[in-house]
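Encoded as structure tokens, the structure appears first; notes follow it.
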Amino acid sequence: MSFVVFNKSNNNLPFTLHQKMYARKIYKSVSRNSARNDIFRLRHKLNTENEKKAPQSAPDVLKYLDSFPEYCTLKDQLPKSLLRKYKTPENMYLINKSTAEEIVTVMKKYIEKDCPIVEVNPGLGFMTRELLKQLPNHIYLYEMLNHFSPHLNQLKSAHPNRITYRVADFFGMWKLAFKDKLDQGNRIKELLGDLATDSNDRVVKIVGSMPGLSFVKHMINNIIFHNTTSQLGRPDLFITMPGYHYEFLTDNEIQINKHKSIPALFQMLFDYKILTNVPKVHFLPWTYHQTGKRVTMMDEHRLYLVNITQKEKLPCPPEYLPLLWYFFKPHMLTKTTKIIPMLEQWIPGCGVWLISGQDPPDINKEIAPNEDDAELPHMTIFTEFGDLNLRQKITVFKKFVSLPEFEQCPFKVTMESNLPKFVVPLDDDDKDSMVTHIDDMDNSDVETES
């Protein structure tokens, strides 16, 4: 018995069932081949895109390394990521032995013989060898990249009593402190090991290179909000950094430019000075030339060795530091903000004490300005914050928070409602989004050097 199937697309010519089954078989085979071809084309496209996205070494970096005999074997010892160019690299590595010797020779006069030294991201260990040669101190090495472990383990084996080596992100330790705060962990203690201390006065020398300002911002937050324990002690940094970063942090004319709180807080909390400068090309990775509006008076082809030391005496008692932080936030204080009208929004009538230069009889003497604080000029209702230098602005703050009405005014409550997320205690639900809060910590009070 034969079944007949009509083909509607071809004048209703009949097909037998056998013919139709054969046609289906041919169709499936063609479809499978077509699918294979599509998959092949897709894979080829993905491979091509991956090849395009593969990190490429910068030709000018390779040309520079090939131009000097001392770097002839360096390319094979470095990770390929350091041979690229970046807009804002996370870390920098010293690759020149002469510059390592120069840096250590300059800074050794500032390092006491019994003081621990932390070298951050030593890489191939050029500076480590100079530290071992020129100083007797114990050296703690913190390196992010496992790539350099063979070199650093070799150094440690040669000097077992002088070197402690860990694979860790030392400049990112404040993120670990934040996690410890959430779950009462001991990540910081594990990171520091026998470097940890219970003394806030123990000084630790930190040596390294910083292409960005995130570590400086975290140190500021650490002092202001007590974001970590005192296990590290008082940091004394010897950091190579671009000149425009140093200019941004130490701008003494911030009252003339647009007010930024990071430079103001930095100058209040740290002492700083330039020790020397070294060629920028002696550090990898290189950066792209900045084409923005940034103007610098410092040599953009040099990096500056800067000594940054936390001040022994802070501008106010520790419990008032968060209030100082909020007082200097850009939305509170600008160059053209008139001082007395702004303060009287918080404490009506307080301007009379600034205009007269007198203090109320029941002023809080614990925080009130004293002989160590800068004197204020004659104040009127038209005096602007831009008319004062940084030390005088601190005097205004201390005068404001020492007024007897301050405890009842809404300033403190407003400050507490505007604290960064990494300071505010988190609910259990919030702890699930820890990464988000760490990002907030990274970007807190972000300001540029423009």
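Read the figures in this text as sums done on the coordinates, not as results from a lab. Source: prediction; values computed, not measured. Backbone-built Cβ (ideal geometry, glycine too); neighbour counts: all protein chains shown.
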For Val118, residues with placed amide H under 5 Å, excluding near neighbours: Tyr140, Lys205, Ile206, Val207
Amide proton proximity set for Val306, modelled H, under 5 Å, gap of 5+: Ile239, Thr240, Met241, Leu275
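Please order Thr309, Thr337 by the number of other Cβ within 10 Å, starting at the fewest. Could the numbers behind the result be given before it?
Working: Thr309 17, Thr337 14.
Exposure proxy ranking, most exposed first: Thr337, Thr309.
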Long-range amide H partners of Tyr165 with built H, under 5 Å: Leu141
3J(HN,Hα) from dihedral phi, region 265-273, Karplus parametrisation 6.51/-1.76/1.60, rounded to Hz, x for glycine, proline: 5, 4, 5, 6, 9, 10, 9, 7, 6
Taking Phe238, Phe411 and counting other C-beta atoms within 10 Å, the order from fewest to most: Phe411, Phe238
Region 330-417 - Rg and Dmax from Cα coordinates, angstrom: 12.3, 34
Footprinting exposure proxy for Ile340, Ile308 (fewest neighbouring C-beta atoms within 10 Å first): Ile340, Ile308
Sequence-separation-based contact order of region 86-310, relative, with Cα cut under 8 Å and 6+ spacing, percent: 23 percent
Cα-Cα over 25 Å, subset of Lys189/Lys280; Lys87/Lys329; Lys205/Lys365; Lys156/Lys179; Lys133/Lys156; Lys109/Lys273: Lys189/Lys280; Lys87/Lys329; Lys205/Lys365; Lys156/Lys179
